[in-house]
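To start, the structure under review is shown below, and the notes come after it.
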Amino acid sequence: MEVLILEDETAVAIQGAMLVVELIEKKSNAVLGLATGRTPIQLYSNLINYYKQGRISFEHIQTFNLDEYYGLSENHPSNFRQFMQRHLFDHIDIETTNTHLPNSNSNNPRLVGPAYEALIKASGGIDLQILGIGRNGHIGFNEPSSSLASRTRIKTLTNSTLQDNQLGSGKEELPDMAITMGIGTIMDARRVLLLAVGKNKATPVRNAVEGPISSMSPASALQAHQYVTVILDEDAASDLKLRDYYRWVHLKSEDIKAKYGNFYEIDLLER
Ligand code: GLP
């Protein structure tokens, strides 16, 4: 894992957006995996700015969101489609037909997962998956005890997740089930970008980066991915044992990249 520790939330969002911009500049038809939650909002507004400045276009980009509540109507203000419209899609030149979220209203939720997986596959696979992390270590809605090999499926949410998400959504009750990419689905992305900010993410981040790989800490599965970049502010990094080492590695790798370029990016484009 590449762990970048930056001074604050703004720096995290700038660095995260730069990785997306660099990808789009090299691959104009890239496939992006997107996340909801508070964490990526600033990253999305940076992308909107880069689009408005004419640096990037989303005309040929496809997106797949990690998850969606089960049973909320398409235009319900709390569903993730509405979130994505508000924070990104309404402000860029993306084709709505190129933006995908799991179908939250299917009569048979068990069919939604395989259909979503097939759509991701047909797109050529996700080039860059953006992730936040839940207080309990979840990624997407893969709650603790999720199979590390899981694919897109319906999932029952934990109380802590329901409480956290309720805070951001005002008074109306949220569903206690969701359809989420599985951990196995996320692991198939060519590159993964995990963002975390704030003190309340310090423990899940430590478990994800330095803990044992365990279904009790779903984000820890990323330790087995070949190309993960974790971008943290000082608070989210505050429990990491090796944080000074990560800073040192970051400096060294900047030198190496400046001299020789980024090996993995070359690899990414050739796939
Ligand atoms: C939600 C989402 C996750 C997100 C997490 C953290 O439950 N399903 O994708 O990463 O919560 O949210 P936040 O960024 O608001 O802390």
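The values are calculated or read from the model by the stated rules, or taken from the named source; none is laboratory data. The structure presented is a predicted model; accordingly, all values stated were derived computationally and were not measured. Every residue, glycine among them, receives a Cβ derived from its backbone with ideal geometry; neighbour counts consider all protein chains shown. These area figures cover heavy atoms from the full protein model, side chains too; ligands, DNA and RNA do not enter into them. Shrake-Rupley method; radii C 1.70, N 1.55, O 1.52, S 1.80 Å.
Results, tabulated for the structure shown:
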| read-out | value |
| --- | --- |
| Contact order relative to length of the stretch 28-71, as percent, for alpha carbon pairs under 8 angstrom and 6 or more apart | 66 |
| Sulfur and carbon atoms: percent of accessible area, the stretch 89-156 [1.4 Å] | 52 |
| Separation between Cα centres of the stretch 195-226 and the stretch 72-145, rounded to whole Å | 22 |
| Gyration tensor over alpha-carbon atoms, the chain, equivalent ellipsoid semi-axes in Å | 27, 23, 18 |
| Cα-derived Rg over Rh, computed across the stretch 99-184 with Rh taken as Kirkwood radius | 0.97 |
| Solvent exposure, largest accessible area first (probe 1.4 Å, DNA, RNA and ligands not counted), of Asp239, Asp244 | Asp244, Asp239 |
| For the stretch 188-235: accessible area per residue (Å², 1.4 Å) | 34 |
| Sequence of Ser73, Ser123 from largest to smallest accessible area, 1.4 Å probe | Ser73, Ser123 |
| Where the Cα pairs of the stretch 27-171 fall when distances are cut into 5 Å bins, in % | 2, 9, 18, 24, 21, 15, 8, 3, 0 |
| Accessible surface, per residue, of the stretch 66-167 when the full set of protein chains is kept, probe 1.4 Å, Å² | 45 |
| Val228, Val249, ranked by accessible area, largest first (probe 1.4 Å) | Val249, Val228 |
| Principal semi-axes in Å for the stretch 142-189 [√(5λ), Cα gyration tensor, largest first] | 24, 10, 9 |
| Rounded accessible area of Phe83 (nearest 10 Å², 1.4 Å probe) | 30 |
| Rel. contact order, % - alpha carbon contacts under 8 angstrom, at least six apart, the chain | 24 |
| Cα-based reach from Lys121 at 12 Å (exclusive), listing aspartates and glutamates while leaving out same-chain residues under 8 positions away | Asp188 |
| Share antiparallel - DSSP beta bridges, the chain, percent rounded to 5 | 30 |
| Where labels lie 7 Å past Cα in the beta-carbon direction, separation of Val21 and Ile213 in nm | 3.4 |
| Percentage relative contact order, the stretch 1-142, counting C-alpha pairs under 8 Å, at least six apart | 28 |
| The stretch 150-247 - convex hull of alpha carbons, volume per residue in Å³ | 112 |
| Principal semi-axes in Å for the stretch 1-71 [√(5λ), Cα gyration tensor, largest first] | 19, 19, 12 |
| Lysines with Cα under 26 Å of Lys241, excluding same-chain neighbours fewer than 8 positions away | Lys199, Lys201, Lys252, Lys257 |
